[in-house]
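First the structure, in the form of structure tokens, and then the observations on it.
The values are calculated or read from the model by the stated rules, or taken from the named source; none is laboratory data. Everything numeric in this text was worked out from a predicted model, so none of it was measured. Note that each Cβ is placed from the backbone with ideal geometry, even for glycine, and that neighbours are counted across all protein chains shown.
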Amino acid sequence: MIAHKPFGAHRRSVALFGGTFDPPHTGHVAVAQAVERRFHLDAVYFIPSSRPPHKSQRELTPFIHRYTMVALACAEHPRLIPSLAEAPAGPPHVFYTIDTVRGYHREHPDDHLYFVVGADQFLELPTWKNYEILLDSCDFIIASRPGFRLDALRLVIPPEKLGRTPSTDPHKITLRKSAVHLLATVACHVSSTEVRERIERKQSIRGLVPARVEEYILSQALYR
């Protein structure tokens, strides 16, 4: 279940931001804040994946640590909310984005839903489970580097999904039932891989992750 704060009768706009967050870094927070501001969102839910399709369980730091780090990263930002939507329960199983999105719609059918994903991940969309249904299920916000071309995203969208009237917004692709938005305003070169490698080399990660996340990593001796 995705926990949320009380809200009024207005239709909420929220974004789901999924990932392994191993660990969450300052780039993740910067993207979430930029998304929240640009799309006037009521909430951005950080959803650490228990077991994503593209990674084996042994490659990931235990879920409890990753969820705790996400909670610490969100602590000072009221509209950034840690989520247990993909928390492990019972026998291990793979979590697919389409199932997470459907679960949210069942609980909050009136909300306007966005899904935040990196450009490189979106370019692999045809490999995702039920990706054509997923395109109809929510709007996508593509976090990318400056200069990334919207045309590259069109290549992975089935032509029959495109809207009849092209968008006049140079950062938006209108689909028949949803839209794809390009967010190219956040330039951040931090990666979780870099953070882990620096820790392994006993180098500082100050500034690469939120201060509370750094304290937690050091106190738990993670990535050593």
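Computed quantities for the displayed model
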{"quantity": "Qualifying helices (runs of 4 or more DSSP H) (wholly inside segment 54-125; at least 3 residues being among the β-branched types (Val, Ile, Thr) and surrounded by 13 or more Cβ atoms within 10 Å (Cβ to Cβ))", "calculated": "97-107"}
{"quantity": "Residues (polar (S, T, N, Q) and touching a helix residue (DSSP H, G or I) at 6+ places or on another chain (Cβ under 7 Å)) located in segment 120-163", "calculated": "Asn130, Ser137, Ser144"}
{"quantity": "Neighbours by Cβ (under 7 Å, 6+ apart or cross-chain): first from segment 138-161, exposed (fewer than 14 other Cβ atoms within 10 Å of the Cβ); second at pLDDT 95 or above", "calculated": "Arg154/Ile173; Pro158/Glu132"}
{"quantity": "Qualifying residue in segment 201-217 (condition: closer than 23 Å to Asp139 by Cα, surrounded by 13 or more Cβ atoms within 10 Å (Cβ to Cβ) and either touching a Lys or Arg at 6+ places or on another chain (Cβ under 8 Å) or of a type in the set (Asp, Glu) (or both))", "calculated": "no"}
{"quantity": "Filtered residues of segment 3-30 (kept if crowded, with 22+ Cβ neighbours inside 10 Å and either out of contact with any His (no Cβ under 9 Å at 6 or more places or on another chain) or modelled with pLDDT under 85 (or both))", "calculated": "Ala15, Leu16, Gly18, Pro24, His25, His28"}
{"quantity": "Which listed residue, of His171, His181, His189, is at pLDDT 95 or above and out of contact with any helix residue (DSSP H, G or I) (no Cβ under 6 Å at 6 or more places or on another chain)", "calculated": "His181"}
{"quantity": "Boolean, Arg154 is charged (D, E, K, R) and under 25 Å from Cys188 (Cβ atoms)", "calculated": "yes"}
